[in-house]
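Enquirer: What follows is a structure written as structure tokens; I'll ask about it next.
The values are calculated or read from the model by the stated rules, or taken from the named source; none is laboratory data. Note that the coordinates shown come from a computational prediction; the quantities given were computed from them, not determined experimentally. Here the Cβ is made from the backbone with ideal geometry for all residues, glycine too, and neighbour counts use every protein chain on show. Ligands, DNA and RNA are excluded from the accessible area calculation, which covers all protein heavy atoms including side chains. Shrake-Rupley method; radii C 1.70, N 1.55, O 1.52, S 1.80 Å.
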Amino acid sequence: MAVVQNPWGASLRRFAQFGNRVAVSSRGQTLTYAELIAQAEAVRAAVIEAGAQPGEVVAIVARNGPGVVAASYGVMASGAAEFVVDLNLGPDDIAYAMRILKVRRAVVERSELPRAEGLGLDVMVLEGILARPPRGASELPFDPHAWGKTIMTSGTTGRPKAIVHRHDRRWIAHELLRSHLPFVPGADDRVLLMNAWSHGVALLGATWFETGASVELIGGVDVACADELFARGELTAVFAPPTVLTKLVEGTRHKRIDGIKCIFCGTATLQPALYRAASEKFGPVIRVTYGKSEMFNPITVLEMNEAVEYYRDLSTFDAVCLGKAARGVEIEIRDDAGRLCAAGEHGEIHLRSPHMMHGHVDGQGFHELPEGAFHATGDLGYLDARSRLFLAGRAHDVMKTGGYKIYPEEIERVLPSGMVVVGIPSAHWGEIIVAVSEDGADHTAAVAVATAGLARYKHPRACLTIAQIPRSLQGKVQRSRVREMVLARYALADGPYPKFELR
């Protein structure tokens, strides 16, 4: 797919057909398509007038709501590269991101101005931009190969890095996601988005705007707010990664929630117990996709009917099914020597597609992904005989105990909801498998029952508790932090029968 003109500017022009239809709502605040066009154009003009060049990274510091959407479309329509700052980041993380991306200009909501102080940025206050009389700005030459979007990784394996996507590949990802939607959203469709606009929700939201549908965009997982929307029948879809889905299922006051056409689930593996609980609440409408910062969703798709079949017939817990490759996506499984693995054989997942990242930025600079190269994900899994991808876990999370290699996820899939598994260093065993919760309860008996069907060496040797399970901004468990917190709270008496005592 050749991208020769700025596709985001073209999208804004197409939005004119939807007029006063609501594009974005957020806790009663609304933005119509006509207003979105006007506000995005104002941001585009301001960014160009400020001197931003094609592909230059322009930061957006705004809360989830109409403002961040208008700023996002305006920056992209200018030809610059957008960097939507996740407001869950701390000051040091934001300063680090600005430094490695060499950000000079930022569009900032007035309420978020303190976050931009001391960073040496040319700050454009969003409310000031929108209050100015309309003024056109000539379009900059569009370079489809220039940087178009940057995203900070979750940092689960070390210092976060910035993933860079070119304009043309970002648009290819957009069209790919649109083509894989389970239905075409229309005027009566409204999707609930509660994760930060800096990540996957922006990708899904953009596909809904293309057909004049509506987005409810709120900051944080607000179950009470979601419950009101469910009660009024105002939603037809929800974007809910497993951490969000767990909170909805456990926190809702409704025994049954009807009218939802699809729950879009991804970013982490969906455990069988959560799938069953969510299906009881919403019906068989859960759809699973695999996406990464390095290659936008969808990489693979497990459609709603396929998820019903898979979770109904589930008989093994060594990995979880993510479905088949999306169009244009190539998946290879390679062993430690780089050889291709046969069907059913575990190895590292390697990916290639037309919507791959351009490269990444860290403290040493920009590292371009060679043209045509596969991306080594660090995820472990296998392809089955039906070409379905199964995810076992992360390479750096694999535990080694008594000569066996074990994925934490294969144990977590049978544990009570919310529990995580880590390996604690041991001179006797290599690592000691422990199950960790954050609710303070003793889960020893429940864990023993849940893991009875697993091999003996996979049974946790202790059930421990910490104040809170640390997670990344994307909701992924930070196992190294869990391990540190366990060791800070418990003293290990090592040996053939290890014991943990509170310090």
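Enquirer: Between (1) 22, 55, 22, 1; (2) 25, 56, 18, 1; (3) 26, 61, 13, 0, which matches P(r) over Cα pairs in 20 Å bins from 0, in percent calculated for the structure shown?
Expert: (1)
Enquirer: Still on this structure: Please give the length that would be gained between Lys400 and Glu228 if that part of the chain were fully extended, namely 0.36 nm times their separation in residues minus their C-alpha to C-alpha distance (nm, one decimal).
Expert: That works out to 57.2 nm of additional length.
Enquirer: In segment 364-463, which trypsin sites (Lys or Arg not before Pro) are in a loop and have at most 11 other Cβ atoms within 10 Å, using DSSP for the loop call?
Expert: Passing sites in segment 364-463 are Arg386.
Enquirer: Something else about it: About the Cα centre, and with charges only on the beta carbon of Lys, Arg (+1) and Asp, Glu (-1), how big is the dipole of the chain? Nearest 20 debye, please.
Expert: Using Cβ point charges on Lys, Arg, Asp and Glu, the chain gives about 240 debye.
Enquirer: Straight-line reach from Lys476: which lysines have a Cα under 23 Å away, not including same-chain ones fewer than 8 places off?
Expert: Partners within reach: Lys149, Lys161, Lys247, Lys292, Lys324, Lys400, Lys405, Lys458.
Enquirer: Also, quick follow-up: State the extension gain, in nm to one decimal, for the chain segment bounded by Arg159 and Thr30, taking 0.36 nm per residue of separation less the distance between their alpha-carbons.
Expert: 42.7 nm
Enquirer: Counting only heavy atoms of the protein chains, get the accessible area per residue of the chain (1.4 Å probe) and round it to a whole Å² value.
Expert: 41 Å²
Enquirer: Is the shape of segment 406-503 best called rounded, prolate or oblate, per the rule: a/c under 1.5 gives rounded, else a/b larger than b/c gives prolate, else oblate, with a ≥ b ≥ c the square roots of the Cα gyration tensor eigenvalues?
Expert: Because its axes are fairly even, with a/c under 1.5, segment 406-503 counts as rounded.
Enquirer: Step through the residues of segment 452-458 one at a time and calculate ³J(HN,Hα) from phi using the Karplus curve (6.51 cos²θ - 1.76 cosθ + 1.60, θ = phi - 60°), rounding each to whole Hz and writing x for Gly and Pro.
Expert: 4, x, 8, 4, 4, 5, 8
Enquirer: Which percent of the accessible area of the chain is formed by carbon and sulfur heavy atoms (probe 1.4 angstrom)?
Expert: Within the chain, the accessible surface is 51 percent carbon and sulfur.
Enquirer: Could you give log10 I(q)/I(0) at q = 0.21 Å⁻¹ for segment 354-402, computed by the Debye formula over C-alpha point scatterers of equal weight, without solvent?
Expert: -0.94
Enquirer: So what's segment 277-398 giving for Cα Rg divided by 2.2 N^0.38 Å, two decimals?
Expert: With N residues counted in segment 277-398, Rg over 2.2 N^0.38 Å equals 1.15.
Enquirer: Further question on the same structure: Where in segment 173-220 are there chymotrypsin sites (Phe, Trp or Tyr not before Pro) that are in a DSSP coil and have at most 12 other Cβ atoms within 10 angstrom of their Cβ?
Expert: Passing both the DSSP loop test and the Cβ count: Phe183.
Enquirer: Among Gly347, Gln468, Ala493, which residue has its Cα furthest toward the positive end of the charge dipole of the chain, with +1 on Lys/Arg Cβ and -1 on Asp/Glu Cβ?
Expert: Checked the options; the winner is Ala493.
Enquirer: Can you sort Cys321, Cys463 by solvent-accessible area, 1.4 Å probe, largest first?
Expert: My answer, sorted largest first, is Cys463, Cys321.
Enquirer: Multiplying the sequence separation of Ala467 and His367 by 0.36 nm and subtracting their Cα-Cα distance, what value in nm do you get?
Expert: Taking 0.36 nm per residue and subtracting the Cα distance, the gain is 32.2 nm.
Enquirer: Select from Met76, Ala97, Leu383 the residue farthest towards the positive end of the dipole of the chain; place +1 on Cβ of Lys and Arg, -1 on Cβ of Asp and Glu, and compute about the Cα centre.
Expert: Selected residue: Leu383.
Enquirer: Can you give me the relative contact order of the chain as a percent, contacts being Cα pairs under 8 Å and 6 or more apart?
Expert: Averaging sequence separation for qualifying contacts and normalising by length gives 10 percent for the chain.
Enquirer: To continue, here is another question. Quick one: what are the phi-derived ³J(HN,Hα) couplings along segment 217-223, Karplus 6.51/-1.76/1.60 with θ = phi - 60°, whole Hz, x for glycine and proline?
Expert: Listing the rounded values in order: 10, 10, x, x, 7, 9, 5 Hz.
Enquirer: Something else about it: Sum -39500 (n - 2.57) across every DSSP H segment of at least 4 residues in the chain, then divide by the residue count to get the 222 nm mean residue ellipticity, nearest 500.
Expert: Per the formula, -8500 deg cm²/dmol.
Enquirer: Continuing with this model, one more query. Rounded to the nearest Å, what's the spacing between the alpha carbon centres of segment 429-503 and segment 332-409? Just the number, please.
Expert: 26 Å
Enquirer: While we're here: Determine, at each q value in 0.12, 0.13, 0.14, 0.19 (inverse angstroms), the log₁₀ of I(q)/I(0) that the Debye formula gives when each Cα of segment 67-182 is one equal point scatterer.
Expert: -0.51, -0.60, -0.69, -1.19
Enquirer: Another question about this same structure. Restricting attention to segment 211-264, which trypsin sites (Lys or Arg not before Pro) occupy a DSSP loop and are surrounded by at most 15 other Cβ atoms within 10 Å?
Expert: Here the trypsin sites (Lys or Arg not before Pro) that fit, given the DSSP loop and packing criteria, are Arg232, Arg253, Lys255, Arg256.
Enquirer: How long, wide and thick is segment 128-197, going by the Cα atoms along their three principal axes, in whole angstroms, largest first?
Expert: Largest to smallest, the principal-axis extents are 45, 39, 27 Å.
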